[in-house]
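> To start, I am sharing the structure in question, which I have written as structure tokens.
The values are calculated or read from the model by the stated rules, or taken from the named source; none is laboratory data. Nothing here was measured: the structure is a model prediction, and the numbers come from that model. Quick reminder, even Gly has a Cβ in these numbers, built from the backbone with ideal geometry, and neighbours come from all protein chains shown. Areas reflect the complete protein model, heavy atoms only, side chains present, ligands, DNA and RNA absent. Shrake-Rupley method; radii C 1.70, N 1.55, O 1.52, S 1.80 Å.
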Amino acid sequence: MILNNQNKTRAKEFFSKILDMGVKFKLQERVAEKRITADGTKNILVDLPEKGIPPEEVLQEFERDVLPYCSNFSSTKFLGFPDAGNSVGALGGSLLSDFLQQNLINQSFCAPSATFVEIAVIDWLRETVGYGRTEPKDIFGVGGIITPGGTVSNSVGMMLAREHKEPGTLEKGVFDPSSFQIIVPKDIGHYSVKSAQMWIGCGNNLLEVETNGFRYDLVELEKTLREHKSKVMALVAYVGDSRTMTVDNLDAIADLVERIDPKIWLHADACHGFSLGFSKTLRHKIKGIERFDSISLDPHKVMLTPYTLSALLVKDPEDMKNIMSRSDLIMQEQFAFGQVTPFLGSKPWQSLKLWFMMKSFGKEGLDELITKRHELALYLADVLKNDADFAVLNDVEINSVAFFYTGGERDVKKVNSMNKAVHARMLEEGEYHLHQFSIPDSGVFEKGTVVYPLRFMCGNPNVATEDVDCMVEYVRTLGKDVAATL
């Protein structure tokens, strides 16, 4: 069925059913109604029908065979990732962007006004991290791009670092990958940096530096910088690593690099931590980020915005010229984003949902959003530290609490076994969700030993302290059950 004036009433009814279904799903209590099984996939992995099915029937099939197994990130019991995606404004902007079908590869005829909405959003984000807003005369003065995710943002940042290290590599290619090394913190780095290094032709040449408290060990970092400085193209620091959300010592890192080799490109992976810039009481935690050459940030992780939406910002907007695309398919016009968006061709209007979200919250609302979720994490950490059945791995920097059910046990192998089993039970039951990962122990049990904590991280404003208390009791119940079987 193609939308036209003859079937618009039927189409609106169809869209209305989808809207009702989506709202009902967002507000359901459980994380998932059912767990997918081999039998469940048989109803999905079927042959494409020879003849088309009316959209209403397709929707019925979807509701029966697909929807019950979907994870609800906006449930108040989904406490492992901060991706609630439940801003009314952002959801509305997301719907509108698909309906309006603007393509930001070109401005004049593909995205006449959409382009400037995107520039406004980038400007607001620049202001948040301390870069300052721009008054661009063309696309090369904007100072950032919207991307589909943090992996792309980090990849573009590494491409910029490569061109900064050896200008013209984009055209000439890489002849000695060992001269394009990247420094990262050991054991807490995100996979996207290593992948980006390989994707842009620089090989697997990471230099991993020891950490202390989930931050760079500055003594070891200085040794590495002095030993490898002529071959290092970039240093990556985490402004909220993807496990514990620890913010690194940004000013200290920038000071070291400036003293030893100021040619090294500084990249801040702030996909989570940039949001602290909205909070008057927390923004001091990211002091120094404005000294970095590029910053990646993920509003879809921290701003209640539906997947996906990331951004790559640069301190000097002119740097984007070093990775520009030239084609007669991309208009060489004043504000064509297609000139400065590597890896992307046609470009959806992803920024519209964030434009709606930020305008509807305003600076005061954004401040309250970020500050309150930090306070909620502090509340949980305090509860767990005062409970003999639990142990906490990290200090709260943003909104993450990595913790263990111990039941009083101190043997790290037994603690790991219990927490792996608790997490498996949690996934099987589908009522709650916490994240789990491996990471070296900071000293809670045996420093350096790999441990498997449960991780609370929540950016959903609907979650209250009562919900956190209920989660703690749920984990305690599962912990006691699995401890009895080990």
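> Evaluate the relative contact order of the chain (contact order divided by residue number), counting alpha-carbon pairs under 8 angstrom at least 6 apart; express in whole percent.
Details: 907 pairs, mean separation 98.8, N = 486.
Computed over the chain, the figure is 20 percent.
> Rounded, prolate or oblate: pick one for the stretch 23-62, where a ≥ b ≥ c are the square roots of the eigenvalues of its C-alpha gyration tensor, a/c under 1.5 means rounded, and failing that, prolate if a/b is larger than b/c, else oblate.
In terms of gyration-tensor shape, oblate.
> Further, regarding this structure: Over all distinct Cα pairs, what is the inverse of the mean 1/r for the stretch 78-145, reported as the Kirkwood hydrodynamic radius in Å? Could the numbers behind the result be given before it?
On the way: mean 1/r = 0.0716 Å⁻¹.
It is 14.0 Å.
> Here is a further query. Starting from the amide H of ALA84, placed 1.01 Å from N in the peptide plane, find each other amide H under 5 Å away whose residue is 5 or more places distant or on another chain.
Amide H to amide H, under 5 Å and 5 or more residues apart or across chains, ALA84 pairs with LEU304, GLY459.
> Semi-axes of the stretch 304-352's equivalent ellipsoid from the Cα gyration tensor, sqrt of 5 times each eigenvalue, largest first, rounded to whole Å?
Output for the stretch 304-352: semi-axes of 21, 15, 9 Å.
> Percent antiparallel among DSSP beta bridges with both residues in the chain, to the nearest 5?
55
> What full-extension length gain, to one decimal in nm, is calculated for ASP316 and ASN386 as 0.36 nm per residue of separation minus the Cα-Cα distance? Display every interim value, and only then the final one.
Values: separation 70, 0.36 × 70 = 25.20 nm, distance 4.75 nm.
Extending this stretch completely gives an extra 20.5 nm.
> Then there's this: Do the alpha carbons of any pairs in LYS194/LYS229; LYS301/LYS385; LYS315/LYS363; LYS287/LYS321; LYS229/LYS372; LYS229/LYS413 sit beyond 30 Å of each other, and which pairs?
LYS229/LYS372; LYS229/LYS413
> Still on this model: Shape of the stretch 390-432 from its Cα gyration tensor (a ≥ b ≥ c, root eigenvalues): rounded if a/c is under 1.5, otherwise prolate when a/b > b/c, or oblate?
Here the stretch 390-432 falls in the oblate category.
> Here is a further query. Report the Stokes-Einstein translational diffusion coefficient (µm² s⁻¹, integer) for the stretch 54-111, Rh taken as the Kirkwood radius over Cα pairs, at 25 °C with viscosity 0.890 mPa s.
The Stokes-Einstein estimate is 168 µm²/s.
> In addition: Enter the Cα centre distance for the pair the stretch 422-463 and the stretch 47-109, rounded to the nearest angstrom.
28
> Another one. Can you give the Rg and Dmax of the stretch 232-320 based on its C-alpha atoms, in angstrom?
13.2, 42
> Right, something else. Pop a pseudo-label 7 angstrom from the Cα along the beta-carbon direction at both TYR379 and THR477 and give the gap in nm to one decimal.
Going by the 7 Å Cα→Cβ label model, 2.1 nm.
> Hey, another quick one. Can you give the three extents of the C-alpha atoms in the stretch 219-265 along their principal axes, from longest to shortest, in whole Å?
Its Cα atoms span 31, 18, 18 Å along the three principal axes.
> Another one. Amide H to amide H, which residues 5 or more places from ASP441 or on other chains are under 5 Å from it, using H placed in the peptide plane?
Residues meeting the amide H criterion: GLY448, THR449, VAL450, VAL451.
> For the pair ASP20 and LYS287, what calculated FRET efficiency results from E = 1/(1 + (r/R0)^6), where r is the Cβ-Cβ distance and R0 = 51 Å, to the nearest 0.05? All intermediate terms of the calculation are to be shown ahead of the outcome.
Numbers: r = 46 Å, r/R0 = 0.90.
The value I calculate is 0.65.
> Between LEU104, PRO49, VAL152, whose Cα lies farthest towards the positive end of the dipole of the stretch 29-172 when Lys and Arg beta carbons carry +1 and Asp and Glu beta carbons carry -1, centred on the Cα centre?
Value computed over the given set: VAL152.
> A follow-up question, please. Among (i) 36, 33, 27; (ii) 47, 29, 24; (iii) 35, 34, 21, find the value of semi-axes √(5λ) of the Cα gyration tensor in Å that was calculated from the structure presented, and write down its label.
Given (i) 36, 33, 27; (ii) 47, 29, 24; (iii) 35, 34, 21, the structure-derived one carries the label (iii).
> Which percent of the accessible heavy-atom area of the stretch 127-178 goes to carbon and sulfur, probe 1.4 angstrom?
Carbon and sulfur atoms account for 51 percent of the accessible area of the stretch 127-178.
> Okay, moving on. What is the local net charge at GLU56, summed over the other residues whose Cβ is closer than 12 Å to its Cβ (Lys, Arg +1; Asp, Glu -1)?
Details: positive: ARG10, LYS17; negative: GLU13, GLU57, GLU61, GLU63.
Value of the local net charge: -2.
> Count the net charge of all other residues whose Cβ sits under 11 Å from the Cβ of ILE145, scoring Lys and Arg as +1 and Asp and Glu as -1.
Result for the local shell: 0.
> Still on this structure, please answer the following. With θ set to phi - 60°, apply the Karplus curve 6.51 cos²θ - 1.76 cosθ + 1.60 along the stretch 352-365 and write out the HN-Hα couplings as whole Hz, x wherever there is a Gly or Pro.
4, 5, 6, 4, 5, 4, 5, 5, 6, 8, x, 4, 5, x
> What is the spin-label model distance, in nm, from LEU45 to LEU96 if the labels are put 7 Å beyond Cα along the C-beta direction?
4.1
> A further question follows. Please compute, for the alpha-carbon atoms of the stretch 1-105, the extent along each of the three principal axes and give them in descending order in Å.
45, 36, 30
> From the helices alone, meaning DSSP H stretches of at least four residues, give me the mean residue ellipticity at 222 nm for the chain, per-run term -39500 (n - 2.57), in deg cm²/dmol to the nearest 500.
-12500 deg cm²/dmol
> Once fully extended, how much extra length lies between GLU33 and GLN332, figured as 0.36 nm per residue of separation less the alpha-carbon to alpha-carbon distance?
102.6 nm
> What is the list of residues in the stretch 379-422 whose amide nitrogen lies under 16 Å from a point 7 angstrom out from the Cα of GLU428, following Cα to Cβ?
417-422
> How large is ³J(HN,Hα), in whole Hz, for each residue of the stretch 290-301 in order, when computed from phi with the Karplus curve 6.51 cos²θ - 1.76 cosθ + 1.60 and θ = phi - 60°, using x for Gly and Pro?
Coupling constants for the stretch 290-301: 5, 8, 7, 6, 8, 9, 9, 8, 10, x, 6, 8 Hz.
> Another one. Using label points projected 7 Å from each Cα along Cα→Cβ, tell me how many nm separate ARG226 and LYS372, to one decimal.
5.0
> Could you run the Debye sum over the Cα atoms of the stretch 399-486, one equal point scatterer each and no solvent, and tell me log10 of I(q)/I(0) at q = 0.14 Å⁻¹, two decimals?
Relative scattering, expressed as log10 I(q)/I(0), comes to -0.48.
> Another question, then. Which trypsin sites (Lys or Arg not before Pro) does the stretch 122-224 hold that lie in a coil by DSSP with at most 13 other beta carbons within 10 Å?
ARG133, LYS137
> Tell me, what ³J(HN,Hα) does each residue in the stretch 445-451 have, in order and in whole Hz, if you take phi through Karplus 6.51 cos²θ - 1.76 cosθ + 1.60 with θ = phi - 60° and put x for Gly and Pro?
10, 8, 3, x, 6, 5, 10
> Under the rule a/c < 1.5 gives rounded, and otherwise a/b versus b/c splits prolate from oblate, where does the stretch 147-248 land using the Cα gyration tensor?
Values: a/c = 2.42, a/b = 1.33, b/c = 1.82.
It comes out oblate by the Cα gyration axes.
> A further question on this structure: What number comes out for accessible area per residue over the stretch 214-337 if the probe is 1.4 Å? Units Å², please.
Values: 4610 Å² over 124 residues.
Each residue of the stretch 214-337 exposes 37 Å² on average to a 1.4 Å probe.
> Dividing the Cα radius of gyration by the Kirkwood radius, what Rg/Rh value follows for the stretch 21-177?
Numbers: Rg = 21.9 Å, Rh = 20.4 Å.
Reported Rg/Rh (Cα atoms, Kirkwood Rh): 1.07.
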